[in-house]
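Undergrad: Shown below is the structure under consideration.
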Amino acid sequence: METDDELLVRSAGEARAFEPLVGRHATALHGYFARRAPGAADDLLAEAWLQAFTARGTYDPARGTARAWLFGVARNVLAAHWRGEARQRREVRADEPSSDPWYAVDRRLDAAAVAPLIRETMAELPHVERELMLLVAWEQLSPTEAAAVVGIPAGTARSRLHRARARLRAALAPSGTLPLTGDLT
């Protein structure tokens with residue numbers, strides 16, 4: 001069985017080699033979109049696959065895994081979606097402040113009792129740290145894969161993840177909702 005990396009490389013010359021990638025990663029990518037833009041997840045997934053298929057010849061295995069590359073494409077599609085929504089809101093009501101797209105993510109947290117504290121702490125994190133946390137915790141990407149998605153070195157991603165986890169752990173520990181030890185993923 002070919003690896004995702006091998007399939008993606010081969011798909012540049014043989015389009016049919018791209019098909020198994022869709023089967024292997026569609027659920028994970030759909031979940032990525034559903035947690036960030038629930039109403040548009042299906043359309044965003046379709047757009048991500050279209051863009052990934054079109055750009056499959058640009059994949060370089062030396063820069064990261066196929067999975068990380070696909071999530072990078074998905075992240076770009078999502079960013080374009082949010083820019084388009086912001087543009088539409090500005091056109092409809094120029095005086096309306098733009099809303100934070102992470103609010104929808106936070107609303108869906110199962111732990112309703114700590115959701116406000118988590119939301120507050122996550123909002124205070126720099127955008128890249130927040131994105132790394134979500135890619136590792138929700139999308140089950142490795143820190144190295146998440147680094148490739150956001151376009152930073154793996155070592156930098158690991159240190160930023162450590163910092164973000166420590167801040168979240170410190171915020172939750174005083175409330176008694178999380179012990180000071182243990183890994184927060």
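The values are calculated or read from the model by the stated rules, or taken from the named source; none is laboratory data. Nothing here was measured: the structure is a model prediction, and the numbers come from that model. Please note: Cβ atoms are built from the backbone with ideal geometry, for glycine as well, and neighbour counts cover all protein chains shown. Quick note on the areas: whole protein, heavy atoms, side chains included, nothing else; ligands and nucleic acids left out. Shrake-Rupley method; radii C 1.70, N 1.55, O 1.52, S 1.80 Å.
Undergrad: Evaluate the distance, in nm, between pseudo-label points positioned 7 Å from the Cα of residue 3 and of residue 156 along their respective Cα→Cβ axes.
TA: So the two model labels end up 2.5 nm from each other.
Undergrad: Full-extension gain between residue 54 and residue 87, please, as 0.36 nm times their residue separation minus the C-alpha to C-alpha distance.
TA: Numbers: separation 33, 0.36 × 33 = 11.88 nm, distance 2.57 nm.
So the extension gain works out to 9.3 nm.
Undergrad: Ignoring ligands, DNA and RNA, please state the percent of accessible area on the stretch 1-97 from carbon and sulfur, probe 1.4 Å. Spell out each step's value before the answer.
TA: On the way: 2910 of 5490 Å².
After summing per-atom areas, the C and S share lands at 53 percent.
Undergrad: Grab the Cα-Cα distance for residue 46 and residue 144, subtract it from 0.36 nm times how many residues apart they are, and report the gain in nm with one decimal. Please report the intermediate quantities before stating the final value.
TA: Values: separation 98, 0.36 × 98 = 35.28 nm, distance 2.58 nm.
Length difference between fully extended and current span is 32.7 nm.
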